[in-house]
Amino acid sequence: MASIKADIAIMGSGLCGLSAAITAAQAGAKVVLFEKQKSPGGSSNFFNGIFAVESRWQREKFIMYTRDEAFQAIMEYSHWKANTRLVRAIVDESATSIDWMEQQGVEISDVITNMPYAQHTYHYVKGHGAAVIKQLALRAKESGVDIHLGAPVIELIMDGGRIAGLIAEEDGEEVEVEANAVIIGSGGYANNKEWIKKYHGYDLGTNLIPYGNVDKMGDGIRLAWEAGAAAEGMNALELIAVGPVSDEFDMMNDLEVAASQPDLWVDPRGRRFCDEGICFYDTSGGNVNTRYSEGYTYRIIDDSIIHRLETYGVEKEGSMERKPGARLFDIRKIIDASMQHGSTEVFAGDSVEELAENMGIDPAVLKATIDEYNGFCAKRHDDLFAKKPIYLRALEGPRFYAVKAHTTMLGTKGGIRVNEKMEAVDKKDSPIKGLYAGGFDAAGIQTDSYPINAATGLSSAFAMNSGRIAARNAVEYIGRDG
């Protein structure tokens, strides 16, 4: 068995693990990092921006949202079930982490909000998450971090109730690492069918679709539990509703963006079920979809809606490259191609009744739904769900279309109970000496839902900030007790 000696060993090379590795290495620690996949980053490759308050970017734009206000907003969103000291620590860390990121060579392009009536907390990164991961991995190597890719961690080594290292597998052989502290940032359990079923009741891949996650099996969470850490946050997922979803469609294609607009949404039986204006808040759209065990609802559009999107553009942004007002020109082409391939995601009809028959639902139900909705549009008041009049636009045909919107998960949101120092703790909140956790493996920042309109970009910020906090405290620990 090969052996390595280090001060701190890190599990995972996403935003949490790389931030921890750089922070610890730049503080003088000898750091070794293990990543299960052959390339770094995991789901961190897909984020677009990072939450922060009182940053330099915000001060320059006179954005006056304060740390106190952000703390209160996050706590109110969770009905004060979140870990108060942890939330405060992450919020207080946020602005300095933006400065730190830029010092590592990451480029910020702007600070924005990407939804109505939300605070400007979203620090948009150039090149998206993939560019950030590439730059942080480069900086980690420059800082002396020993990075091992394709090397899963399989065991934590304990000595007298404290961490003494870990064992990883690399090239078919075990590698034993002697280390006084371990930081877990392995990205959660989004691909673990058994845990998703056990803790959430969903059949993964059937009525819950993982998005941007690969081989996230909860390895770090399981190892922390085996070391004595308490379980927490196994009820929390970050959900959105996305459609259409299959190999025949590119991510964020024009039809998917069209289906995310505040037009008519119906359940699997053809009945309207919410104020579609919640489309601007991904969490709300994902949450309301979970009422339906089929794992999807439908977005109903017609030729008049397509014409509007071609002429006047979208209201809900599809990306920073397709902001409100961006026009969509490929909707009909994608629908036609879907019809030719016999898609089970997209349906069409020359009448509402024909559309319903092609969807496999009762034509009378869908016809009654659209007639009622068009009546609300005519009188400019939604008697059912109080949608804003500006979004009440009748469906006039002549052709009608339906797109499935699937209940989709961006990530799991907990597993390991931690304190504000990112120390893994037991059921009595006593730290497991030398063990730290952050990112999607750590619980306490979100309870059941991602507080998107209270703190846009909080998931990525939590990953980065928790990694940096864990590293600083691990360095202090090994200097004092290690």
May I ask which residue of ALA241, GLY129, SER94 lies farthest towards the positive end of the charge dipole of segment 84-242, with charges of +1 (Lys, Arg) and -1 (Asp, Glu) on Cβ and the Cα centre as origin?
ALA241
Would you check the accessible area of ARG322, probe 1.4 Å, heavy atoms only, in square angstrom rounded to 10?
50
Over what distance in Å are the Cα centres of segment 441-482 and segment 125-181 separated?
18
List the pairs from LYS216/LYS433; LYS134/LYS428; LYS379/LYS413 whose alpha-carbon separation is above 32 Å, in the order I gave them.
LYS134/LYS428; LYS379/LYS413
What is the pair-distance distribution P(r) of segment 1-98, computed from all Cα-Cα distances in 5 Å bins starting at 0, with each bin given as a whole percent?
2, 11, 15, 16, 17, 16, 11, 7, 3, 1, 0, 0
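How large is the dipole of the chain about the Cα centre if only Lys and Arg carry +1 and Asp and Glu carry -1, each at its Cβ, rounded to the nearest 20 debye?
Computed charge dipole of the chain: roughly 1060 debye.
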In the chain, carbon and sulfur make up what percent of the accessible area (probe 1.4 Å)?
48
Antiparallel %, DSSP beta bridges [both residues in the chain], to 5
65
Dipole check, segment 239-408, charges on Cβ (K,R +1; D,E -1), about Cα centroid: among ILE361, PRO324, ILE306 the Cα furthest to the positive pole belongs to PRO324
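Quick one: of the DSSP bridges fully inside segment 239-408, what percent are antiparallel, nearest 5?
DSSP beta bridges in segment 239-408 are roughly 100 percent antiparallel.
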Using only Cα atoms, tell me the angle between helix 67-77 and the longest principal axis of the chain; keep it within 0 to 90° and round to the nearest 10.
60
For the chain, what is the accessible area per residue in Å² when the probe is 1.4 Å?
41
Of TYR65, SER43, LEU33, whose Cα points farthest to the positive end of the dipole of segment 1-70 (charges on the beta-carbon: +1 Lys, Arg; -1 Asp, Glu; origin at the Cα centre)?
LEU33
What angle do you read, to the nearest 10 degrees and between 0 and 90, between the alpha-carbon axis of helix 128-142 and the longest principal axis of the chain?
10
Provide ASP302, ASP350, ASP215 ordered by accessible surface of protein heavy atoms (probe 1.4 Å), highest first.
ASP350, ASP215, ASP302
Which value, in Å² rounded to 10, gives the accessible area of SER186 with a 1.4 Å probe and all protein chains present?
30
Which percent of Cα pairs goes in each bin when the distances of segment 339-467 are cut into 5 angstrom slices starting at zero?
2, 9, 12, 11, 10, 9, 8, 9, 9, 8, 7, 5, 2, 0
Pairwise label distance in nanometres, ASP171 with ASP383, each label 7 Å out on the Cα-Cβ vector
7.4
Quick one: Cα convex hull volume of segment 239-408, Å³ per residue?
104
Karplus-derived HN-Hα couplings along segment 417-432 (A = 6.51, B = -1.76, C = 1.60, θ = phi - 60°), whole Hz, x at Gly and Pro
6, 9, 9, 5, 8, 6, 6, 5, 10, 8, 5, 9, 6, 8, x, 7
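Tell me, what is the percent relative contact order of the chain, built from C-alpha pairs under 8 Å that lie six or more residues apart?
Reported relative contact order: 24 percent.
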Along the three principal axes, how long is the chain when you take its alpha carbons, biggest first, rounded to the nearest angstrom?
72, 50, 39
Please work out how much length the chain gains when fully extended from ASP448 to TYR292, using 0.36 nm per residue of separation minus the C-alpha to C-alpha distance, in nm with one decimal.
54.4 nm
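The values are calculated or read from the model by the stated rules, or taken from the named source; none is laboratory data. Note that the coordinates shown come from a computational prediction; the quantities given were computed from them, not determined experimentally. Ideal geometry is used to build each Cβ from the backbone, glycine not excepted, and the neighbour counts take in all protein chains shown. For accessibility, only protein heavy atoms count, side chains too; no ligands or nucleic acids. Shrake-Rupley method; radii C 1.70, N 1.55, O 1.52, S 1.80 Å.
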